[in-house]
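Q: Got a structure for you, written out below as structure tokens; questions coming shortly.
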Amino acid sequence: MIGVLANYHQVGVYQIAFKIIFALQFLPMAFTASLYPAMSSYWLDNREQLVKSFERAMNYLIMISLPIIGGVIALDDKIVDIFKAGDEALWPLRISILALFFIFVNFPIGSLLNACDKQRRNLVFMASVTVISVAANFILIPRYQAIGASITVLFTNALMFIFGILESRKIIDYKPRKNLVTLGKSLWAAAVMTMIVYYGKAYMPILLATILGGVLYFIFLYLVGGFKKEDIKSIVLSFKR
């Protein structure tokens, strides 16, 4: 749609953000794929454990998504340079990477709906968001080009999250308080990490800055009680399954 409504130069500008987001989706995909059989089983005979598993999955993906977002924002100019793109690629990247949060947390929501025999409802949500996405692109791309497409990605993924979370609360006794606490702690740790990486990138290679940022984030998050050793073991076991 960008090529038709704008031009193929804008397609190239947008592709930088798209490729990064697309490549990172394997993380929540692999994680939730390991949880789906358990969710299906818990739906039949252990609803309380289903709620706990859903809350835990949301927590883990919140904790994983935020440092990635912060790191990309802190290193956006370096990333654009790697792809040999100009400054016009910065804002599409910044806006699109924010959608990564909703993309990550939408995976466990979708798995929950499918596990609880709400596949049709989930399909309706996806179809509705697709129609809205096309309409939004027709409005935003001619005016804002690649930035407009990025705004659409952020808006539609946020909308999918709203649809999904409202439906989830109808079928399980889900209370978002625990996830909101984790979100607050993760945001604090990600903000500190982002500032350190942003000001430190001038003095180190991008790979070293990325590794340092990840280490600092999880140190800060651990110090504020965002996760415990048991959580690390649970994540590792989930991927092994």
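Q: Rounded to whole Hz and in sequence order, give me ³J(HN,Hα) for region 142-151 from the Karplus expression 6.51 cos²θ - 1.76 cosθ + 1.60, θ = phi - 60°, writing x for Gly and Pro.
A: x, 8, 10, 6, 4, 5, x, 5, 5, 4
Q: Binning every alpha carbon pair distance of region 45-94 at 5 Å from zero, what are the percents per bin?
A: In whole percents, the pair-distance histogram is 4, 18, 17, 12, 11, 9, 8, 8, 6, 4, 2, 0.
Q: Starting with the fewest neighbours, write out Ser34, Ser65 ranked by other beta-carbon atoms found within 10 Å of each beta-carbon.
A: Placing the least packed residue first, the sequence is Ser34, Ser65.
Q: While we're looking at this one, here's another question. Which of Lys19/Lys228; Lys52/Lys170; Lys52/Lys185; Lys52/Lys118; Lys170/Lys229 have a Cα-Cα distance over 25 Å?
A: Long pairs (Cα-Cα over 25 Å): Lys19/Lys228; Lys170/Lys229.
Q: May I ask you to give the average projected area over all directions of the convex hull of the Cα atoms of the chain, in nm² rounded to one decimal?
A: That works out to 13.4 nm², a quarter of the Cα hull's surface.
Q: A further question follows. Based only on other Cβ atoms within 10 Å, what is the fewest-to-most ordering of Ile97, Ile68?
A: Ile68, Ile97
Q: Using the Karplus curve 6.51 cos²θ - 1.76 cosθ + 1.60 with θ = phi - 60°, what ³J(HN,Hα) values do you get for each residue of region 177-184, in whole Hz, with x for Gly and Pro?
A: Result, rounded to whole Hz: 4, 4, 5, 5, 4, 4, 4, x.
Q: Given springs between every Cα pair under 10 Å in a Gaussian network model of the chain, which of Ala17, Ala85, Ala57 has the largest fluctuation?
A: The residue with the greatest mean-square fluctuation here is Ala85.
Q: Given Cβ point charges of +1 (Lys, Arg) and -1 (Asp, Glu) and nothing else, what value in debye, to the nearest 20, does the dipole of the chain about its Cα centre take?
A: Approximately 540 debye in magnitude.
Q: If you build a Gaussian network model of the chain, linking Cα atoms that sit under 10 Å apart, which residue out of Thr194, Thr152, Thr210 swings the most?
A: Thr210
Q: Alpha carbon centre of region 19-83 versus region 141-182: separation in Å?
A: 14 Å
Q: Calculated FRET efficiency, Leu180 and His9, Cβ-Cβ r, R0 51 Å, to nearest 0.05?
A: Taking R0 as 51 Å, the efficiency between Leu180 and His9 is 0.80.
Where a number appears in this text, it was derived from the coordinates with a stated rule and is not lab data. Not measured: the values here are computed from a predicted model. Glycine also receives a Cβ, built like all others from the backbone with ideal geometry; neighbour counts cover every protein chain displayed.
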